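What follows is a single structure, written as structure tokens, with notes after it.
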Amino acid sequence: METADVPEPAAPCTAAGNPSPGACPPADSGFLDGVPRQRRTTPAAAAGSARTSAVPTSATARAATPAVAPRSLPRPWRLLPTPAATPFTFVYVLVLAVTSAVTAQAGPAVVHALHQGSSTDVAHLVHAPVLVLLASALWIAGGITSTYALGLVLMLTALERRIGGPRAAGVFLLGHVLATLATEVPVGVAVLAGHLPASSLHRLDYGVSFGVAAATGALAGLLTPWLGRALLAFFGGALVLDLFAFTDPMTEWGHLIALATGVATWPFVRRPGRARTAGPAAGMNRP
């Protein structure tokens, strides 16, 4: 009687029974017998995949969204000049504080002599134009507490923080010089033509207001559109009202000219602020 050969049971898949490397997959690997090219997945990766799939989609989106930095709080002290950030404005304000102190403490005769010697009237412009154009910007009519002194601190500080000291000084001096010449040259022509007396050649003219107007006009071009227009409308409207009041039309025309000069510097700065006198000879000083 023939007996069929009963196959022996397969040896367990162990390192001893299967010496060839890779013959046996790990017991907990999850591979199926006889299925080739199965991708190996480590237990840690499988666990991580399971955890990822368990996270809700909304939570994942929130985690992927970058955190928005909180807005910085307003810093009002940046409205004031500092020696490090705005050296030109800082030094200039100190000089004006000294000259204002001299004006407050000296006698009327001394103050008048200082103002007269610094005046940009026609007589001085003919003989020493550079000297008086610079000296006239060292005085503030009304002192350091006047409105134009406050405007100088705020406008010139803001302008210098945006464009730097040299260009801010250039804008200030440009408005100061052009507005002075635009208002004094017609006086000289009128005297030569006989329409004004010779005493008009010594008309007092000094102060910082032309430079402040130019700085304001230039600053308006660096602000947001609505804020820049509001600044121009407020400052320009005040100048127009003063002109209609006819207290000192020559000076008020100079303010408007200086403001327009500041507006004309926008391409440059965008690159990486009485009773009628009895006669024409009466001297009027600007702030």
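The values are calculated or read from the model by the stated rules, or taken from the named source; none is laboratory data. Everything numeric here is computed off the predicted structure, so don't read it as measured data. All Cβ positions, glycine included, derive from the backbone under ideal geometry; neighbour counts span all protein chains shown. Only protein heavy atoms, including side chains, enter the accessible area calculation; ligands, DNA and RNA are left aside. Shrake-Rupley method; radii C 1.70, N 1.55, O 1.52, S 1.80 Å.
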Next on the checklist: Condition (residue is closer than 15 Å to residue 207 by Cα, at pLDDT below 95 and open to solvent by 60 Å² or more (accessible area, probe 1.4 Å)) applied to region 115-127: is it met by at least one residue?
Outcome noted: no
Checklist entry - residue 246 passes all but one of (1) within 22 Å of residue 146 (Cα to Cα); (2) open to solvent by 70 Å² or more (accessible area, probe 1.4 Å); (3) at pLDDT below 95; (4) under 20 Å from the mean Cα position of the chain (by Cα); which number fails? => result (4)
Checklist entry - So which of 87, 108 ends up being surrounded by 13 or more Cβ atoms within 10 Å (Cβ to Cβ) and not β-branched (Val, Ile, Thr)? => result 87
Item to check | Filter result for the condition that a residue is among the β-branched types (Val, Ile, Thr), surrounded by fewer than 16 Cβ atoms within 10 Å (Cβ to Cβ) and at pLDDT below 90, over 251, 277, 224 | outcome: 277
Checklist entry - Which of the residues that make up region 170-218 are buried (at least 24 other Cβ atoms within 10 Å of the Cβ), over 17 Å from residue 248 (Cα atoms) and modelled with pLDDT under 95? => result none
Next on the checklist: Given the criterion among the small types (Gly, Ala, Ser) and over 30 Å from residue 162 (Cβ atoms), identify the matching residue among 119, 100.
Outcome noted: 119
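Per-residue answers, yes or no, for (1) at pLDDT 95 or above; (2) basic (Lys, Arg):
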site: 44; (1), (2): no, no
site: 51; (1), (2): no, yes
site: 57; (1), (2): no, no
site: 68; (1), (2): no, no
site: 78; (1), (2): no, yes
site: 89; (1), (2): yes, no
site: 108; (1), (2): no, no
site: 113; (1), (2): no, no
